[in-house]
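Here the structure comes first, spelled out in structure tokens, and everything after it is commentary.
The values are calculated or read from the model by the stated rules, or taken from the named source; none is laboratory data. Every value quoted in this text rests on a predicted model; they were computed, and no experiment measured them. Using ideal geometry, Cβ is built from the backbone for each residue, glycine included, and neighbour counts are taken over all protein chains shown. Each accessible area value is taken on the protein alone, full model and side chains, heavy atoms only, with ligands, DNA and RNA left out. Shrake-Rupley method; radii C 1.70, N 1.55, O 1.52, S 1.80 Å.
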Amino acid sequence: MEITAADGVAVRVRELRQRYGEFEAVAGVSFDVAHGELFALLGTNGAGKTTTMETLEGHRAAHAGEVRVLGRDPYRDRRDVRPRLGIMLQEGGFFADLTTAETIDHWRGFVPDPRPRDELLELAGLREQARVRTRQLSGGQKRRLDLALALAGRPEILFLDEPTTGMDPEARHATRRTVAELVRDGLTVLLTTHYLEEAELLADRLAIMHRGRIVASGTVAEVVGGHGDRVRFRVPAGLPVADLPLLRGVAAGIEVDAGHATATYTLPPDDLQAGVYGLLRWADERGLTLSGLRVDSASLEDVFLSTAGAPS
Ligand SMILES: Nc1ncnc2c1ncn2[C@@H]1O[C@H](COP(=O)(O)OP(=O)(O)OP(=O)(O)O)[C@@H](O)[C@H]1O
């Protein structure tokens, strides 16, 4: 029987809770992932990303809430769901004496209708390492072999838990390109990463987790756009900080670096133009020059630091 998600949603998570003893590692998380979408889970260490991914992979039952993967309960129905998933393990235990090609062939023996070995070597960028024993592969190459194995069974959903950690910049770049191509070809991907630029580059949508909860979610543009724009300039010499204006009701934050004070305002979305106009008029009326004046959108890093990275 062909199993399909009824509503075009590949993954549905509603109010998921997971506990380890008394500790609630996931405290009511909800999100959907559409077919063909790359969804990234970001967050601080211990935020609950891996626990969420493992629940979706069918390793553990939800303590509370609902989880659906390809329309099914991934824990109860794991025998039906699991063959349709590709899971890139954090540390695949390879047989040290098998070559890369032999390892792929060995794995292909476990899955029905596997991808051809050469295609997997190509996808993982390991053609030149086909005859190298796995114990001689570098850390980054081992991770790419993990990726090849995850793709062997032509999965409908690929789970990538920090896939590029430990890779050099070139391997990281190549892996991201491979993942982007797979998504372009229709694969659904769930990704966790500590590299914000990786999420910015690859994710159709993302969620930032902190202490078991989602604290921001949406497309990169939505997450960043909702965070406001920043206006910065050097505080003119001799001007008391207390004399700086309020812009659209927002007071300046002051940072001092190498003896220079910089004023930063984070203005609500849609208030930027009026805020900058007010600032320039204020400076003009006083004959002040605003050196180093810069206007930027918030970056994903700004949002991350202010939502998930805030000291407790
Ligand atoms: N088997 C376990 N027993 C007890 N506590 C656990 C267990 N696994 C995870 N935890 C705790 O649950 C919390 C969430 O862990 P999880 O691995 O899901 O976070 P994460 O967001 O993936 O973190 P990281 O970015 O560090 O990989 C952490 O505080 C962790 O210490």
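Here are the numbers for the structure shown:
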| item | result |
| --- | --- |
| Cα-based shape type of the stretch 227-307, given that a ≥ b ≥ c are square roots of the gyration tensor eigenvalues and the cut on a/c is 1.5 | oblate |
| Ratio of the Cα radius of gyration of the stretch 9-218 to 2.2 N^0.38 Å, where N counts its residues | 1.00 |
| Extension reserve of the GLU22-GLU181 stretch, reckoned as 0.36 nm per residue once the Cα distance is removed | 53.0 nm |
| With DNA, RNA and ligands ignored, accessible area of PHE95 (1.4 Å probe; Å², nearest 10) | 120 Å² |
| Accessible area (Å², 1.4 Å probe, nearest 10) - TYR277 | 140 Å² |
| Distant-in-sequence amide H partners of LEU38 (H built 1.01 Å from N, under 5 Å) | VAL189, ASP204, ARG205 |
| For the stretch 246-276 and the stretch 20-99, distance of Cα centres in Å | 41 Å |
| Whole-number percent relative contact order across the chain, with pairs defined as alpha carbons under 8 Å at least 6 apart | 19 percent |
| The stretch 21-117: GluC sites (Glu not before Pro) in DSSP loop, at most 12 other beta carbons within 10 Å | GLU22, GLU91 |
| Shape call, the stretch 5-49: gyration tensor on alpha carbons, a/c limit 1.5 | oblate |
| Cα long-axis angle, helix 139-151 against the chain (0 to 90 degrees, to the nearest 10) | 60 degrees |
| Probe 1.4 Å, protein heavy atoms only - accessible area per residue of the chain in square angstrom | 51 Å² |
| Amide proton proximity set for VAL26, modelled H, under 5 Å, gap of 5+ | GLN18 |
| Full-stretch length increase - HIS106, SER30 - with 0.36 nm per residue and alpha-carbon distance subtracted | 23.6 nm |
| Carbon and sulfur %, accessible surface of the chain computed with the full protein complex present, 1.4 Å | 48 percent |
| Extension gain (nm, one decimal) between ALA261 and ALA237, 0.36 nm per residue minus Cα-Cα | 7.7 nm |
| Whole-Hz ³J(HN,Hα) from phi, Karplus 6.51 cos²θ - 1.76 cosθ + 1.60, for the stretch 152-158, glycine and proline x | 4, x, 6, x, 8, 10, 10 |
| Calculated FRET efficiency for the pair THR165/ARG286, C-beta based, R₀ 41 Å, to 0.05 | 0.20 |
